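The values are calculated or read from the model by the stated rules, or taken from the named source; none is laboratory data. Computed from a predicted structure; not experimentally measured. Neighbour counts run over all protein chains shown; Cβ positions are idealised from the backbone, glycine included. Remember, those area values only see protein heavy atoms, side chains included, never the ligands or the DNA or RNA. Shrake-Rupley method; radii C 1.70, N 1.55, O 1.52, S 1.80 Å.
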Amino acid sequence: MGGLTPDEIEAHAAAIRALARRLVGDAHLAEDVAQEAWTVALEAAAPDAMGREGGAGGERFARWLRGVGRNVSRRAVRTDARRRRREQGAGPATNRSRRTRSSPARSCATASSPN
């Protein structure tokens with residue numbers, strides 16, 4: 001990605017942050033998503049998006065990077081939703097199981113009471 005100028009990097013970064021904010025709806029999660037998108041871009045070095053049709057600063061790279069941002073955003077939303085379901089499901093189920101369980105001593109006392 002050596003072909004990007006600092007201005008191009010900032011423009012792409014701002015676009016990815018804005019896209020992530022729209023898709024995930026949380027500013028902090030959007031920052032994480034934007035960082036993850038850049039990590040993916042740096043690791044992949046955008047082989048097809050760079051070097052043709054305007055190089056790294058071109059529209060093809062911008063489209064590719066937005067696609068990475070969308071995919072990372074979707075994954076973040078799914079992960080967050082799964083985590084929330086787990087957390088919501090764990091609380092009431094644990095409380096319910098504690099309320100419905102009876103101790104062995106209580107069971108014996110109930111069984112042996114003359115009613």
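Might you let me know whether the range 70-78 holds any residue that is out of contact with any His (no Cβ under 9 Å at 6 or more places or on another chain), modelled with pLDDT of 90 or more and either surrounded by fewer than 11 Cβ atoms within 10 Å (Cβ to Cβ) or farther than 18 Å from G25 by Cα (or both)?
Looking through the range 70-78, at least one residue is out of contact with any His (no Cβ under 9 Å at 6 or more places or on another chain), modelled with pLDDT of 90 or more and either surrounded by fewer than 11 Cβ atoms within 10 Å (Cβ to Cβ) or farther than 18 Å from G25 by Cα (or both).
If you go through the range 15-37, how many residues are within 14 Å of R66 (Cα to Cα) and open to solvent by 40 Å² or more (accessible area, probe 1.4 Å)?
7
Inspect the range 41-55 for any residue being within 18 Å of A18 (Cα to Cα) and modelled with pLDDT of 50 or more and give the result as yes or no. Reasoning before the result, please.
Start the filter on the range 41-55 by keeping residues that are within 18 Å of A18 (Cα to Cα), which leaves 41.
Filter once more, keeping what is modelled with pLDDT of 50 or more: 41.
Yes, there is a match, as at least one residue in the range 41-55 is within 18 Å of A18 (Cα to Cα) and modelled with pLDDT of 50 or more.
State yes or no: is S97 of a type in the set (S, T, Y) and at pLDDT below 90?
For S97, the condition - of a type in the set (S, T, Y) and at pLDDT below 90 - is met.
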